[in-house]
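Working notes, structure below.
The values are calculated or read from the model by the stated rules, or taken from the named source; none is laboratory data. Only a predicted model underlies this, so the values are computations on that prediction, with no experimental measurement involved. Don't worry about glycine lacking a Cβ; one is built from the backbone with ideal geometry, like all the others, and counts go over all protein chains shown. What goes into the accessible areas is simple: the full protein's heavy atoms, side chains included, and nothing from ligands, DNA or RNA. Shrake-Rupley method; radii C 1.70, N 1.55, O 1.52, S 1.80 Å.
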Amino acid sequence: MSTNHPSFGTLDEDRLIIFDTTLRDGEQSPGFSMNLTEKLRMAEALTDLGVDVIEAGFPIASPGDFESVRSIAQTIRGPVICGLARTGREDILRAAEAVKPAERRRIHVFLSTSPLHMKHKLRMEPDAVLELAASSVALARQFADDVEWSAEDGSRTEPDFLCRCVEAAIKAGATTINIPDTVGYAVPEDMARIFTMLRERVPGADEVILSTHNHNDLGLAVANTLAAVAAGVRQIECTINGIGERAGNASLEEVAMAVRTRPDAIGRRTGIRTENILRTSKLLATITGFDVQPNKAIVGRNAFAHESGIHQDGVLKHAGTYEIMTPESVGWTKSSLVMGKHSGRAAFRDKLRALGYGEVGDNQLNDAFRRFKDVADRKKVVYDEDIVALVDDEVMRDHERIRFVSLDVRAGSKAPPRAELELEVDGAVQAAEATGDGPVDATFNALRQIFQHDATLTLYSVGAVTDGTDAQARVTVRLEENGKMVDGQGADTDTIVASARAYVHALNKLLVKRARTEPEALSA
Ligand code: KIV
Ligand code: ZN
């Protein structure tokens, strides 16, 4: 059986649609917010990865969200670009306007259907909810042929009522029906039962795309997703590194690799170019400042590392003894000596292309090249990871109001640490000198003198980009101000310089956040 869909045409039965919501559900979680440039970079990476749908944001939430969805719709070609909306007319019009420039666009309308949500959140009677489901889908269909309808808290919805809502949404013109496990409460059997029921009982259920959206509160998001697929679901909603509300969403890389590694058990395929997985995961980690845990499946540092002698011996004799997929298939490559201090700009540009950066603008190339030369002067060997760290660091800094210029630090056991810092603020270079309880503290004190602010530093963490004492440090700084939280990153062979860069990055993000109007209370 194949399905005819307004965005995808005729879809083979075994082809799954990967709907990525990193930029919406993922970005919505505390500490993961991204600015416009970062969202565009992620959207490009998701396109290279081969996702079918990018949920680019929630346009009504703020002018910044609207702008991001619209820019992605204007720029990105390939995936369907989707904007989320509640059922209100304003929500839907705003989403429609934001996705309008897309080559292929989708409006995603959601409405709670569980007894708990209807009573306490919506304060509406079931019949009114049913009517609203139908009328909001019908309104969205005036602006897009491709409309998704989600039953928020669907997994805790009373079965008969869920069937009636889904039927109403299909009749009103929904082309995708998504049943989320909004609170991560379901077990795989629940998801399988729900979709089997919908397919058996709802007229037209087999003519639309059924979709699953699972949160990971019990660590079951991927298992629930695969159970839904076994019950006939064609679209999977997921995020890179599994980011998302609370414990996150089903992780794209885990789902995609399960599908690829176990065709015998799952019998489906995706359009994901799996060799780009690691690159995309690292880009997200760099942008948000949240590294995945070392033992995270597929993209964690230890995911392919064999520590025990027995395993190492086995893998050397035959990789299949302990490896169910190759590291290369998801983008892990051996660290290679890439370039030296004599390498020129053209070779550097070629390297960036090989690392998946596409065309980097001249200004960014010049800045990144200058920093590469600097690193190459200080570091014996420059690895791919070093180049990725410094280019990501540079690209993130595009359009920033505050820029790092220079830092001179005195540290050690003889005298109080002292920092002399220069920053460029709105184009003018300013300098300050300060002492502190350590070189990092002195640097941050100098920074606060140059750019006064009330934000509190709530997290400071340092990691190494590669091995060795000459490795670049990657620093994350978290600032909080009036309930707003931002993370900044910086990379450099000098940990204190990386710290200053990270603080500056966080501060710039805070300025962007201040400029955004406060998002309305967002559910889901
Ligand atoms: O978790 C949820 O219910 C959602 C919906 C908006 C799809 O994110
Ligand atoms: Zn969600």
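What the table below lists for this structure:
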quantity: Rg(Cα)/(2.2 N^0.38 Å) for the chain, N = residue count; calculated: 1.02
quantity: Selection from Gly26, Thr495, Thr476, by position along the positive dipole direction of the chain (Cβ); calculated: Thr495
quantity: Dipole-positive endmost among Gly154, Leu459, Ala172 within the chain (Cβ charges, Cα centre); calculated: Leu459
quantity: The stretch 16-288: translational diffusion in µm²/s, Stokes-Einstein, Kirkwood Rh over Cα pairs, 20 °C, 1.002 mPa s; calculated: 118 µm²/s
quantity: Between helix 345-354 and the chain: long-axis angle, C-alpha atoms, 0 to 90°, nearest 10; calculated: 30 degrees
quantity: Percent carbon-and-sulfur accessible area, the stretch 164-305, ignoring ligands, DNA and RNA, probe 1.4 Å; calculated: 50 percent
quantity: Reachable lysines from Lys513, criterion Cα separation under 20 angstrom, eight or more residues apart if same chain; calculated: Lys39, Lys484
quantity: Of all accessible heavy-atom area on the stretch 40-92, the percent that carbon and sulfur account for (1.4 Å); calculated: 47 percent
quantity: Angle between the chain longest axis and helix 188-201 axis [Cα atoms, degrees, rounded to 10]; calculated: 40 degrees
quantity: Surface per residue (accessible, 1.4 Å probe) for the chain, Å²; calculated: 42 Å²
quantity: Heavy-atom accessible area order for Arg474, Arg514, Arg41, largest first, 1.4 Å probe; calculated: Arg514, Arg474, Arg41
quantity: Heavy atoms of Thr87 accessible to a 1.4 Å probe, total area in Å² rounded to 10; calculated: 30 Å²
quantity: Accessible surface of the stretch 402-514 [probe 1.4 Å, protein heavy atoms]: carbon and sulfur percent; calculated: 43 percent
quantity: Computed [θ] at 222 nm, deg cm²/dmol, the chain (DSSP H ≥ 4; -39,500 (n - 2.57); rounded to nearest 500); calculated: -12000 deg cm²/dmol
quantity: Solvent accessible area, Å² - Tyr185, 1.4 Å probe, full protein context; calculated: 140 Å²
quantity: Nearby lysines by direct alpha-carbon distance to Lys379 (threshold 26 angstrom, same-chain neighbours under 8 apart not counted); calculated: Lys282, Lys334, Lys341, Lys351
quantity: Pairs of Cα atoms farther than 23 Å apart, the stretch 72-177, %; calculated: 26 percent
quantity: Charge dipole magnitude, Cβ of K and R +1, D and E -1 - the chain, Cα centre, debye nearest 20; calculated: 600 debye
quantity: Relative contact order (%) - the stretch 188-270, alpha-carbon pairs under 8 angstrom, separation at least six; calculated: 28 percent
quantity: Inter-label distance for Arg410 and Arg273, nm, one decimal - labels placed 7 Å from Cα along Cα-to-Cβ; calculated: 5.3 nm
quantity: Rounded FRET efficiency, nearest 0.05, which uses the C-beta distance separating Ala431 from Asn4 and R0 of 51 Å; calculated: 0.20
quantity: 0 to 90° range, to nearest 10: angle between helix 89-99 axis and the chain longest Cα axis; calculated: 60 degrees
quantity: Loop GluC sites (Glu not before Pro), the stretch 194-301 (other Cβ atoms within 10 Å of the site Cβ: 16 or fewer; DSSP); calculated: none
